[in-house]
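Participant: Here it is: the structure, laid out below.
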Amino acid sequence: MKKIVVLVSGGGTNLQALIDAQNRGELRGGRITCVISSRADAYALTRAKKNDIPARVIPRKAYPDNAAYSQALHEALYEEYADLIVLAGFMTILDKSIIQAYRNRIINVHPSLIPSFCGDGFYGLHVHEKALAKGVKVTGATVHFVTEVCDGGPIILQKPVEVRNLDTPETLQRRVMEEAEWKILPEAVSLFCEDRLTVIDGRAYVDYQSP
Ligand code: GAR
């Protein structure tokens, strides 16, 4: 059984989607063993507690820079024997020591169809503000492996979502979550835990043959 450590910073609806999938028996081959939050006030911590999942707080603001923060995070991941790290609304960029140590074992969910609306400065509601400002008619979500390039790692799954005329960033964010993020994140985690993902030359391949 692979140990899944979920990193969060906020509301934790993607964490909830993972917990719900686990409770339905849909996270085959893995178990959420720990939640780590970069903020003490993240509602995601309450979700972990309600489901008896051990949680830790490693506050980003307690560390002077990303390198020091990453070192603390790295130690915690080591102590938790993490097999898979899931970034579920985690708002801190990981430094390269963690990315190298967990190559192709860190998964991120991003609220757009990468390579649109991604990279530095594209996070949370801002992604949807920018999609609406551009006037795109379709957006969506992407689950990908994390590399040193922000939002640039091998794409595992994507799902499109329509943009409506009267959308606000908030309504669009909600639809992208409901129709895409909360579906493809648990699916990708399950595929990983069943060893059905392979990365070759920067591209991720899904094995749909296995039972
Ligand atoms: C989600 O929409 C997630 O895709 C996004 O933040 C939100 C977190 O919500 N992540 C990023 O923008 C990362 N670049 P949640 O805390 O309710 O899961």
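The values are calculated or read from the model by the stated rules, or taken from the named source; none is laboratory data. Please read these numbers as outputs of a predicted model, since none were measured by experiment. Positions of Cβ are backbone-derived with ideal geometry, glycine not excepted, and every protein chain shown enters the neighbour counts.
Participant: Could you list, in sequence order, all residues of region 52-92 that are surrounded by 17 or more Cβ atoms within 10 Å (Cβ to Cβ) and among the aliphatic types (A, V, I, L, M)?
Facilitator: Correct list: Ile53, Ala55, Ile58, Leu73, Leu77, Ala82, Leu84, Ile85, Val86, Leu87, Ala88.
Participant: Now for a different question. Considering each of Glu179, Glu170, Glu148, Glu162 in turn, give the residue that is within 17 Å of Thr13 (Cβ to Cβ) and surrounded by fewer than 16 Cβ atoms within 10 Å (Cβ to Cβ).
Facilitator: Glu170
Participant: Still on this structure, please answer the following. For residues that are surrounded by fewer than 21 Cβ atoms within 10 Å (Cβ to Cβ) and assigned to a helix (DSSP H, G or I), scanning just region 185-210, find the one that is nearest to the ligand (Cβ to nearest atom).
Facilitator: Filtering first and then ranking leaves Glu187.
Participant: Restricting attention to region 67-84, does a residue exist that is modelled with pLDDT under 95 and either within 30 Å of Lys137 (Cβ to Cβ) or part of a loop (DSSP other than H, G, I, E, B) (or both)?
Facilitator: Among the residues of region 67-84, not one is modelled with pLDDT under 95 and either within 30 Å of Lys137 (Cβ to Cβ) or part of a loop (DSSP other than H, G, I, E, B) (or both), which makes the answer no.
Participant: Name the residues in region 62-106 that are away from the ligand (no atom under 15 Å from the Cβ) and in contact with a Lys or Arg (Cβ under 8 Å, 6 or more places away or on another chain), would you?
Facilitator: The answer is Tyr69, Ala76, Glu80, Tyr81, Ala82, Asp83, Leu84.
Participant: Sort out which residues of region 137-167 are more than 14 Å from the chain's Cα centre (by Cα) and touching a residue at least 24 places away in the same chain (Cβ under 8 Å), and write them in order of number.
Facilitator: Selection gives Lys137, Val138, Thr139, Gly140, Glu148, Lys159, Pro160, Glu162, Val163, Asp167.
Participant: If I filter region 6-25 for residues that are farther than 22 Å from Gly119 by Cα, away from the ligand (no atom under 16 Å from the Cβ) and crowded, with 18+ Cβ neighbours inside 10 Å, do I get at least one hit?
Facilitator: Within region 6-25, none of the residues are farther than 22 Å from Gly119 by Cα, away from the ligand (no atom under 16 Å from the Cβ) and crowded, with 18+ Cβ neighbours inside 10 Å.
Participant: Mind listing just one residue for me: the one in region 28-41 that is among the hydrophobic types (A, V, I, L, M, F, W, C) and within 8 Å of Val8 (Cα to Cα) and, of those, surrounded by the fewest Cβ atoms within 10 Å (Cβ to Cβ)?
Facilitator: Here the residue is Ile36.
Participant: Would you call Ile36 touching a helix residue (DSSP H, G or I) at 6+ places or on another chain (Cβ under 7 Å), in a strand (DSSP E or B), at pLDDT 95 or above and within 15 Å of the ligand (Cβ to nearest atom)?
Facilitator: Answer is yes for this residue.
Participant: Which members of region 151-173 meet the condition of being part of a helix (DSSP H, G or I) and farther than 28 Å from Leu197 by Cα?
Facilitator: Pro169, Glu170, Thr171, Leu172 - these are the residues of region 151-173 that are part of a helix (DSSP H, G or I) and farther than 28 Å from Leu197 by Cα.
Participant: Listed residues Val138, Val163, Val127; which is among the β-branched types (Val, Ile, Thr), within 13 Å of the ligand (Cβ to nearest atom) and touching a strand residue (DSSP E or B) at 6+ places or on another chain (Cβ under 9 Å)?
Facilitator: Within the list Val138, Val163, Val127, the selection yields Val127.
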